[in-house]
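In what follows, a structure is listed as structure tokens, so that the remarks can point back to it.
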Amino acid sequence: MKINASAVVDKNTLKGAWVNIVFDELGNLPIPPQVSYQDGYLSANYYPHELKEGLGQVLANSNSSLSKEKMEELRILYDSIDEEDGNNIIVVGKFKQ
């Protein structure tokens, strides 16, 4: 299992902390190493096989707190990913306050 920890620094106090950033709309899927941050948003660059593997783990987790509707959306996304596709998948998210 990969653990992606990021450091966040408050610009006013200059205090920092380690955070574990996840996409809650994707079943708390961890962010990949290729991430860009700007103006309260992040964009993550997933290889197709990595995103499909992560979604597969979310879908296999019967203890998930996601609704049946959200799980069905993730299942549709999972089924639509072609691991052999040469294009990466970009996921854009907004930070919660």
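The values are calculated or read from the model by the stated rules, or taken from the named source; none is laboratory data. Remember, it's a predicted structure, so these values are computed and weren't measured experimentally. Here the Cβ is made from the backbone with ideal geometry for all residues, glycine too, and neighbour counts use every protein chain on show.
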Where residue 56 falls short, out of the listed (1) in contact with a strand residue (DSSP E or B) (Cβ under 8 Å, 6 or more places away or on another chain); (2) closer than 15 Å to residue 23 by Cα: (1)
Evaluation of residue 88 against (1) at pLDDT below 90; (2) surrounded by 13 or more Cβ atoms within 10 Å (Cβ to Cβ) (one fails), failing number: (1)
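Those residues that are of a type in the set (S, T, N, Q), surrounded by 13 or more Cβ atoms within 10 Å (Cβ to Cβ) and under 15 Å from residue 23 (Cα atoms), I need them from the range 59-75; list them, please.
Once the filter is applied, which keeps residues that are of a type in the set (S, T, N, Q), surrounded by 13 or more Cβ atoms within 10 Å (Cβ to Cβ) and under 15 Å from residue 23 (Cα atoms), the range 59-75 yields only 64.
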Residues of the range 33-58 satisfying the condition of being surrounded by 13 or more Cβ atoms within 10 Å (Cβ to Cβ), touching a Leu at 6+ places or on another chain (Cβ under 8 Å) and small (Gly, Ala, Ser): 54
Test: residue 45 is out of contact with any helix residue (DSSP H, G or I) (no Cβ under 9 Å at 6 or more places or on another chain), assigned to a strand (DSSP E or B), among the polar types (S, T, N, Q) and modelled with pLDDT of 85 or more: yes
Hits in the range 9-32 (condition: of a type outside the set (A, V, I, L, M) and surrounded by 10 or more Cβ atoms within 10 Å (Cβ to Cβ)): 16, 20, 23, 24, 25, 27, 28, 30, 32
Pair list, Cβ under 9 Å, 6 or more apart: the range 78-96 residue in contact (Cβ under 8 Å) with a residue 24 or more places away in the chain and of a type in the set (Lys, Arg), other residue in a loop (DSSP other than H, G, I, E, B) and surrounded by 11 or more Cβ atoms within 10 Å (Cβ to Cβ): none
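Given the criteria among the small types (Gly, Ala, Ser), more than 16 Å from residue 94 (Cβ to Cβ) and touching a residue at least 12 places away in the same chain (Cβ under 8 Å), does residue 16 qualify?
In short, no.
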Whichever residue in the range 19-29 is in a strand (DSSP E or B) and modelled with pLDDT of 85 or more and, among such residues, is nearest to residue 96 (Cα to Cα): 23
In the range 76-97, the residues that are over 14 Å from residue 29 (Cα atoms), part of a helix (DSSP H, G or I) and not hydrophobic (A, V, I, L, M, F, W, C): 79, 80
Residues of the range 46-80 satisfying the condition of being within 15 Å of the chain's Cα centre (by Cα), among the hydrophobic types (A, V, I, L, M, F, W, C) and within 24 Å of residue 33 (Cβ to Cβ): 51, 55, 58, 59, 74, 77
